[in-house]
Amino acid sequence: MDNITKKVEEEIKKGYIGSNHECPYHPSHFTGQDCTFCYCPFYPCNDNQLGQMIISRREKEIWACTYCLFIHRPEVAKFIMSEINRLGITTSKDPRMQDIFLETKKRFFHIGKALMILGATSDAGKSITVAAICRLLHRRGYLVSPFKSQNMSLNSKVTAKGSEIAMIQVLQSKAAGLKNPDHHMNPILLKPKGDTVSQVMVEGEPFGDYNVEDYYNKFVPGPGKEIVRKNIDFLKERYDVVVMEGAGSPAEINIYDQDIANMRAAEIADANCILVVNTEWGGSFAYAVGTVELIPEIDRKRIKGIILNNIRGDPKKIEDGARLLESIIGIPVIGIIPHIKLDLPSEDSEAFRGMHTKGNGKIIVSVIKFPRIANFTDLDPLFMEDTTVKFISNPEELKGSDVIILPGTKNTIDDLLWMRANGLETAISELKGKIPILGICGGYQMMGKYLKDPAGIEGKVPQTLEGMGFFDNITEWNEYKKKVIQDNGIMIETGEPITGYEIHMGLSTIVEKPLFEIDRYSSKENEGSVREKDLTFGTYLHGVFDKPAFRKYFLSFVKHDGKYVEIKNPRDYDELLEDNINILADGFEKGLNIEKIIDIAGVKR
Amino acid sequence: MKIIFIGTSSGAGKTTISALYCRYLYRKGIKVTPFKASNLSLNSYVTKNGKEIGMGQAFQAWASNIEPTEDMNPVLLKPSGNNTIQLILRGEPFMDISEQNPIDTKMVMEKVCESFDRLSKEYDAVVCEGSGSPVELNLMDRDLANLRMLRERSIPAILIGDIERGGVFAAIYGTWRLIPDKQKHLLKGFIINRFRGDSSILKSGIEKIEKLTGMKCLGVMPYLNLKFPEEDSMSDIGGELKGSDVRSAFMNNLDCLIEAATENGLDLDHINMIAKN
Ligand code: SF4
């Protein structure tokens with residue numbers, strides 16, 4: 001406490017500074033943040049609309065400011081500092097600080113507005129529309145957060161707090177200029193386990209397994225609605241605009257009342273809505289009319305605009321149709337968006353459709369398409385290099401590979417048995433030492449010596465299996481527990497930085513030469529395995545290719561036509577994403593009436 | 001007998017379901033032919049007497065156990081880049097269509113109807129396929145394969161919606177809603193395609209659409225990971241195709257699909273009734 005008081009006294013002496021680009025942590029909260037009060041002069045304000053009381057690791061109550069952005073709003077910091085100067089205050093202990101706090105809150109605090117992006121189909125382009133709108137509003141100085149109440153996705157990421165949320169909300173929060181995506185942005189995450197059962201994650205933590213029926217009949221009317229309400233309210237207190245993403249179509253009239261991802265969420269958030277229709281497959285007018293008219297009147301009133309998305313060819317040609325559509329449904333078409341070529345990870349459904357081959361580079365990367373494949377966006381940075389990534393599921397398709405990757409899986413044991421049965425395991429083993437083989441997460445576990453599951457946690461029955469035997473590591477599932485954590489560290493070989501995240505059940509005893517050194521609270525931890533002469537590599541780190549360090553290192557072992565390949569693009573994948581978000585936003589800006597969006601959102605200044 | 005299968009979008013499954021129905025009728029001993037007035041596709045097939053038609057109709061002809069002919073697809077539009085489209089009319093290159101050089105719809109429609117009439121005389125059943133969506137508001141006046149065909153020859157129609165991407169109820173309802181009132185009576189039913197899981201969950205939705213539109217749900221087709229010829233230029237939906245001879249592999253897949261569809265309650269008797277009217 002004293003320490004903070006001292007820091008604040010220093011800040012007051014320094015005066016208003018705006019954004020501090022010198023700071024190595026900048027921006028710690030969001031792009032364009034104000035850094036005048038790195039330490040808050042109001043601490044602890046005890047105001048639940050800003051911070052919250054938590055129980056610390058030492059089991060003491062402490063006031064936490066993790067999600068407070070208020071003090072970093074430029075207009076807020078400016079006002080506080082001018083008040084402090086006007087009154088000649090020198091320390092946060094001054095009793096008049098309380099008055100300043102109340103006055104600041106009265107002037108600048110407001111509950112934000114929510115805007116919802118609905119899609120006529122699951123691949124309407126909702127996710128990228130949300131990302132584009134987040135960026136366009138962020139560029140105009142709004143504090144924006146993405147939100148998707150319920151996301152069914154195989155691709156998740158880990159937040160700084162160790163919560164698991166959908167990959168796409170992390171990307172959207174980046175578009176919003178935010179540094180720390182958190183679980184409020186995707187409070188319900190469904191991870192499909194088979195055709196009908198999903199693991200339900202709530203606020204980033206495993207909650208339980210549900211089949212479709214129980215999910216809709218028990219979870220949704222029970223805890224579901226409240227979870228959505230709580231999180232949306234939380235975000236509205238902290239952001240000017242919460243851009244919500246719907247799920248699938250909002251007009252699934254067979255489950256309309258149980259659908260908490262679309263109109264129910266809009267109602268809870270009191271959000272106006274925009275409907276996005278993908279024109280690529282045709283029938284977009286029918287989808288638009290049908291969606292709008294099947295939604296009951298009371299909800300339909302929320303739909304204030306239509307976006308015709310992904311237009312190939314001349315967007316002008318669709319304008320007559322757009323005018324007709326407006327006259328039929330009485331809702332304006334506020335965006336006609338051309339097809340934009342992007343290197344951004346796509347929604348699952350699209351990704352699955354395209355899951356045969358991606359890219360057309362020289363290096364043939366064969367990725368094993370496990371029946372329960374997960375987190376396959378790990379591979380996206382490879383497209384920055386000269387690669388063709390093939391998703392394969394039988395031994396014949398391995399022919400011509402320059403690299404093999406065993407990706408993540410929802411079930412290591414079942415997918416290993418699948419490879420064992422269809423001959424892929426043998427075929428891959430025959431290539432050991434000839435071409436580089438990398439296992440990530442579940443794929444890495446498979447490469448070890450044994451997989452021990454004495455209680456049948458991962459598999460259906462208790463069992464100990466031999467692994468592929470590429471490493472002498474042993475993986476065990478001793479309790480129903482998931483390790484979920486962000487990792488930062490270095491590549492041991494080169495000392496270059498590496499980032500990633502782990503999401504796995506089962507822990508491995510590693511006896512091989514490690515690849516990485518990961519920073520933990522007060523120690524370092526080795527991670528990964530490598531046998532260079534066997535050309536075998538393994539790691540738990542999802543996102544391992546994002547930073548250039550490992551991509552460069554790994555590809556340096558790859559040969560094509562007998563020659564070592566060249567590494568084309570040693571760029572950080574994050575920078576590439578940033579570029580693409582800007583391309584996306586620029587593309588939308590051309591065809592979208594953004595003033596109208598601001599109007600619909602209800603945040604015109 | 002005549003019937004037309006119309007999709008709510010490209011890739012809804014028109015080609016395959018048309019082929020399925022052709023095959024079913026052929027197996028019942030009915031002389032059946034496929035027909036698609038106009039096809040936008042790069043994927044063509046050359047008939048025995050050297051005429052070019054869409055691949056989908058060749059496949060449907062085989063399903064009907066007959067040789068493909070140019071009458072089965074009198075208009076084939078092949079995008080040739082630079083905003084021009086090559087028009088293949090009754091199997092022969094006819095002209096390059098562009099903004100400056102538009103198509104003579106009336107003349108072309110006459111040819112299309114000639115082909116249709118010839119087939120109607122020769123066969124007991126003509127199974128037609130629509131093209132894209134029938135209600136593209138900006139293109140409806142230029143559309144040959146859908147409403148125009150319906151109107152010219154009073155062909156009863158069945159809508160096909162793809163559930164895989166979601167929004168299938170909206171797609172079916174919206175398509176029905178945008179079809180001009182004069183033709184609505186020809187829309188007899190709908191089929192929901194590519195469904196995974198237990199279809200009883202759809203029941204309340206289906207009933208609502210039936211009530212709103214007066215169309216009957218004729219079945220929910222199961223999703224099968226099988227490959228069929230691509231329908232429009234857009235769609236490669238993947239799937240398995242086993243065997244060295246493509247043609248027989250397609251037929252194999254088709255037989256699997258018929259079996260699965262009937263098991264799932266595709267109401268072929270009802271479709272027959274519609275086609276007989
Ligand atoms: S919650 Fe915000 S305003 Fe309150 S003490 Fe923390 S940083 Fe300051």
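Just to be sure before I move on: is A:Ile111 touching a residue at least 60 places away in the same chain (Cβ under 8 Å), away from the ligand (no atom under 14 Å from the Cβ) and among the aliphatic types (A, V, I, L, M) in the structure I sent?
On the way: touching a residue at least 60 places away in the same chain (Cβ under 8 Å): yes; away from the ligand (no atom under 14 Å from the Cβ): yes; among the aliphatic types (A, V, I, L, M): yes.
For A:Ile111, the condition - touching a residue at least 60 places away in the same chain (Cβ under 8 Å), away from the ligand (no atom under 14 Å from the Cβ) and among the aliphatic types (A, V, I, L, M) - is met.
Name every residue in region A:285-311 that is part of a strand (DSSP E or B) and either over 24 Å from A:Leu584 (Cα atoms) or within 12 Å of another protein chain (Cβ to nearest Cβ) (or both), in order of residue number. Walk me through it before giving the result.
Of all residues in region A:285-311, those part of a strand (DSSP E or B) come to A:303-311.
A:Leu308, A:Asn310, A:Ile311, listed by residue number.
Checking B:Ile103 against (1) more than 18 Å from the chain's Cα centre (by Cα); (2) within 13 Å of another protein chain (Cβ to nearest Cβ), only one condition comes out false. Which one?
Every condition holds for B:Ile103 apart from (2).
As an exercise: evaluate A:Glu595 against (1) in the same structural domain as A:Ser429 (by TED's automatic domain parsing); (2) at pLDDT 95 or above; (3) among the acidic types (Asp, Glu) and give the number of the one condition it does not meet.
Here A:Glu595 clears every test but (1).
Could you identify the single residue in A:Val228, A:Val243 that is in a strand (DSSP E or B) and away from chain B (no Cβ under 14 Å)?
Selected residue: A:Val243, the only one of A:Val228, A:Val243 that is in a strand (DSSP E or B) and away from chain B (no Cβ under 14 Å).
Name the pairs: first residue in region A:32-55 and free of Cβ contacts under 8 Å to residues at least 12 places away in the same chain, second residue not hydrophobic (A, V, I, L, M, F, W, C), Cβ to Cβ under 9 Å, at least 6 apart or on different chains?
A:Asn48/A:Glu237; A:Met53/A:Pro44; A:Met53/A:Asn46; A:Met53/A:Glu61; A:Ile54/A:Glu61; A:Ile54/A:Thr66; A:Ile55/A:Glu61
Of (1) touching a helix residue (DSSP H, G or I) at 6+ places or on another chain (Cβ under 9 Å); (2) away from the ligand (no atom under 13 Å from the Cβ); (3) closer than 22 Å to A:Ser173 by Cα; (4) not charged (D, E, K, R), A:Cys65 satisfies all except one. Which?
Unmet for A:Cys65, out of (1) touching a helix residue (DSSP H, G or I) at 6+ places or on another chain (Cβ under 9 Å); (2) away from the ligand (no atom under 13 Å from the Cβ); (3) closer than 22 Å to A:Ser173 by Cα; (4) not charged (D, E, K, R): (2).
Go through (1) touching a strand residue (DSSP E or B) at 6+ places or on another chain (Cβ under 7 Å); (2) crowded, with 20+ Cβ neighbours inside 10 Å; (3) charged (D, E, K, R) for A:Asp34 and report which single condition fails.
Exception for A:Asp34: condition (1).
Considering only region B:1-11, state which residues are under 19 Å from B:Met149 (Cα atoms), within 12 Å of chain A (Cβ to nearest Cβ) and touching a strand residue (DSSP E or B) at 6+ places or on another chain (Cβ under 7 Å).
So in region B:1-11, the residues under 19 Å from B:Met149 (Cα atoms) come out as B:1-10.
Now narrow it down to the ones that are within 12 Å of chain A (Cβ to nearest Cβ): B:6-10.
Passing the criteria: B:Ile6, B:Gly7, B:Thr8, B:Ser9.
So which residues in region A:109-123 are buried (at least 24 other Cβ atoms within 10 Å of the Cβ) and more than 14 Å from every other protein chain (Cβ to nearest Cβ), if there are any at all?
A:Ala114, A:Leu115, A:Met116, A:Ile117
Identify the residue in region A:360-409 that is outside any loop (DSSP other than H, G, I, E, B) and among the aromatic types (Phe, Trp, Tyr) and, among all such residues, is nearest to A:Gly442 (Cα to Cα). Can you show your working first?
Taking region A:360-409 first, the residues outside any loop (DSSP other than H, G, I, E, B) are A:363-368, A:373-374, A:376-384, A:387-392, A:395-398, A:403-406, A:408-409.
Going one step further and asking which of them are among the aromatic types (Phe, Trp, Tyr), we end up with A:376, A:383, A:391.
Numbers: A:Phe376: 12, A:Phe383: 22, A:Phe391: 16 Å.
Applying the filter and picking the extreme gives A:Phe376.
Checking B:Leu42 against (1) among the hydrophobic types (A, V, I, L, M, F, W, C); (2) at pLDDT below 95; (3) touching a helix residue (DSSP H, G or I) at 6+ places or on another chain (Cβ under 9 Å), only one condition comes out false. Which one?
Only one criterion in (1) among the hydrophobic types (A, V, I, L, M, F, W, C); (2) at pLDDT below 95; (3) touching a helix residue (DSSP H, G or I) at 6+ places or on another chain (Cβ under 9 Å) is unmet by B:Leu42, namely (3).
With the structure loaded, tell me whether A:Ala261 is under 19 Å from A:Ala131 (Cβ atoms) and in contact with a Lys or Arg (Cβ under 7 Å, 6 or more places away or on another chain) or whether it fails that test.
Working: under 19 Å from A:Ala131 (Cβ atoms): yes; in contact with a Lys or Arg (Cβ under 7 Å, 6 or more places away or on another chain): no.
No: the conditions fail for A:Ala261.
Given the structure, is B:Glu110 free of Cβ contacts under 8 Å to residues at least 40 places away in the same chain, more than 20 Å from the chain's Cα centre (by Cα) and not in a loop (DSSP other than H, G, I, E, B)? I'd like the intermediate steps shown before the answer.
Working: free of Cβ contacts under 8 Å to residues at least 40 places away in the same chain: yes; more than 20 Å from the chain's Cα centre (by Cα): yes; not in a loop (DSSP other than H, G, I, E, B): yes.
So B:Glu110 fits the description; yes.
Tell me, yes or no, whether region A:275-284 has at least one residue that is surrounded by 20 or more Cβ atoms within 10 Å (Cβ to Cβ) and away from chain B (no Cβ under 14 Å).
Within region A:275-284, the subset surrounded by 20 or more Cβ atoms within 10 Å (Cβ to Cβ) is A:275-279, A:281-284.
Among the residues that remain, those that are also away from chain B (no Cβ under 14 Å) are: none.
Checked against the condition, which is being surrounded by 20 or more Cβ atoms within 10 Å (Cβ to Cβ) and away from chain B (no Cβ under 14 Å), region A:275-284 yields no hits at all.
Have a look at A:Pro24, A:Pro44 and point out the one that is away from every other protein chain (no Cβ under 14 Å), away from the ligand (no atom under 14 Å from the Cβ), not hydrophobic (A, V, I, L, M, F, W, C) and not in a helix (DSSP H, G or I). Lay out the reasoning, then the answer.
Details: A:Pro44 fails: away from the ligand (no atom under 14 Å from the Cβ).
Unique residue meeting the criteria: A:Pro24.
Identify all residues within region A:70-81 that are surrounded by 14 or more Cβ atoms within 10 Å (Cβ to Cβ) and either more than 8 Å from the ligand (Cβ to nearest atom) or at pLDDT below 95 (or both); write none if there are none. Reasoning before the result, please.
Of all residues in region A:70-81, those surrounded by 14 or more Cβ atoms within 10 Å (Cβ to Cβ) come to A:70-74, A:76-81.
Across region A:70-81, the qualifying residues are A:His72, A:Arg73, A:Pro74, A:Val76, A:Ala77, A:Lys78, A:Phe79, A:Ile80, A:Met81.
Among residues belonging to region B:12-59 that are assigned to a helix (DSSP H, G or I) and under 10 Å from the mean Cα position of the chain (by Cα), point out the one that is surrounded by the fewest Cβ atoms within 10 Å (Cβ to Cβ). Steps first, answer last, please.
Applying the first criterion (assigned to a helix (DSSP H, G or I)) to region B:12-59 yields B:14-27, B:55-59.
If we keep only those that are under 10 Å from the mean Cα position of the chain (by Cα) as well, we get B:14-19, B:56-57.
Values: B:Lys14: 31, B:Thr15: 29, B:Thr16: 30, B:Ile17: 25, B:Ser18: 28, B:Ala19: 30, B:Gly56: 28, B:Gln57: 31.
Taking the candidates together, the pick is B:Ile17.
Could you list, in sequence order, all residues of region A:124-175 that are within 14 Å of another protein chain (Cβ to nearest Cβ) and surrounded by fewer than 24 Cβ atoms within 10 Å (Cβ to Cβ)?
A:Met152, the sole residue that qualifies.
Show me the helices (runs of 4 or more DSSP H) entirely contained within region A:537-605 in which 2 or more residues are farther than 29 Å from A:Pro338 by Cα and in contact (Cβ under 8 Å) with a residue 60 or more places away in the chain. Talk me through it step by step, then tell me what you get.
Values: elements: A:548-555, A:573-591, A:594-601.
So the answer is A:548-555.
The conditions are (1) at positive phi; (2) touching a residue at least 40 places away in the same chain (Cβ under 8 Å), and A:Gly88 fails exactly one of them. Which is it?
Only one criterion is unmet by A:Gly88, namely (2).
Could you tell me how many of the residues in region A:392-402 are out of contact with any helix residue (DSSP H, G or I) (no Cβ under 8 Å at 6 or more places or on another chain) and closer than 21 Å to A:Pro371 by Cα?
Going residue by residue through region A:392-402, those that are out of contact with any helix residue (DSSP H, G or I) (no Cβ under 8 Å at 6 or more places or on another chain) are A:396-397, A:399-402.
Narrowing further to those that are closer than 21 Å to A:Pro371 by Cα: A:396-397, A:399, A:401.
Count: 4.
Have a look at A:Ile84, A:Ile17, A:Ile55, A:Ile12 and point out the one that is β-branched (Val, Ile, Thr), away from the ligand (no atom under 11 Å from the Cβ) and over 28 Å from A:Gly141 (Cβ atoms).
From the options A:Ile84, A:Ile17, A:Ile55, A:Ile12, the qualifying one is A:Ile55.
Condition (residue is exposed (fewer than 13 other Cβ atoms within 10 Å of the Cβ), part of a strand (DSSP E or B) and out of contact with any Gly (no Cβ under 7 Å at 6 or more places or on another chain)) applied to region A:85-108: is it met by at least one residue?
no
Look at A:Tyr501 and say whether it is under 31 Å from the mean Cα position of the chain (by Cα), outside any strand (DSSP E or B) and closer than 22 Å to A:Gly162 by Cα.
Details: under 31 Å from the mean Cα position of the chain (by Cα): yes; outside any strand (DSSP E or B): no; closer than 22 Å to A:Gly162 by Cα: yes.
No: the conditions fail for A:Tyr501.
This table checks each residue for (1) in contact with a helix residue (DSSP H, G or I) (Cβ under 6 Å, 6 or more places away or on another chain); (2) modelled with pLDDT of 95 or more; (3) assigned to a helix (DSSP H, G or I).
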{"residue": "B:Leu119", "(1), (2), (3)": "yes, yes, yes"}
{"residue": "B:Glu164", "(1), (2), (3)": "no, no, no"}
{"residue": "B:Ala171", "(1), (2), (3)": "yes, yes, yes"}
{"residue": "B:Arg194", "(1), (2), (3)": "no, no, no"}
{"residue": "B:Glu210", "(1), (2), (3)": "no, yes, yes"}
{"residue": "B:Met221", "(1), (2), (3)": "yes, no, no"}
{"residue": "B:Glu230", "(1), (2), (3)": "no, no, no"}
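The values are calculated or read from the model by the stated rules, or taken from the named source; none is laboratory data. No experiment lies behind these values; they were computed from the predicted model shown. Ideal geometry is used to build each Cβ from the backbone, glycine not excepted, and the neighbour counts take in all protein chains shown.
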